[in-house]
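Inspection log for the structure reproduced underneath, given as structure tokens.
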Amino acid sequence: MKKLLPFLLALMLLSGCGAPAGAGKAEAGYRQITAAEAADLMETEENYVILDVRTREEYEGGHIPGAICIPTETIGSEEIPKLPDKRQLILVYCRSGNRSKQASSKLAALGYTGIVEFGGIIDWQGETVSGDE
């Protein structure tokens, strides 16, 4: 029971977290929005990073213009040189939304505070480009 108690306490704390109405769904350290909401942010915000967390091969096969590729499995406990500003708005996506959620949690654990996860490129209605652009 002693080993289970910290887990239950953490679970209770996390279940109490939430975001203001209309702010997207809040997860552990990041905000979740739709691909359409992300497209709107890209139109109105400045100084943001679009982060594709798929494999390099997937990225080169087609990605959102301006996105950088940092695969989920390469995000660990070390600083990320491509993401030096931990307060910068970072829009995170993958193929379907699973890896982007994992990557967003990892980034939050590293101290990033401007993380917005918007699912997968399969839901993206905007332009995509191929190669390493």
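The values are calculated or read from the model by the stated rules, or taken from the named source; none is laboratory data. As the structure is a computational prediction, the values presented were derived from the model and not from experiment. As a convention, Cβ positions derive from the backbone with ideal geometry for all residues, glycine included, and neighbour counts pool all protein chains shown. Please note that ligands, DNA and RNA were not included when accessible areas were found on the heavy atoms of the full protein model with its side chains. Shrake-Rupley method; radii C 1.70, N 1.55, O 1.52, S 1.80 Å.
Could you state the accessible area per residue of the stretch 57-133 in Å², with a 1.4 Å probe and every protein chain left in place?
50 Å²
Among PHE118, LEU107, PRO81, whose Cα projects farthest towards the positive end of the dipole of the stretch 40-133, with charges put on the beta-carbon of Lys, Arg (+1) and Asp, Glu (-1)?
LEU107
Taking the highest mean first, how do the peptides 70-81, 111-122 order by number of other beta carbon atoms within 10 angstrom per residue?
Ranked by mean Cβ neighbours within 10 Å, highest first: 111-122, 70-81.
Could you give the alpha-carbon Rg of the stretch 18-133 over 2.2 N^0.38 Å, rounded to two decimals?
For the stretch 18-133, the normalised Cα radius of gyration comes out at 0.97.
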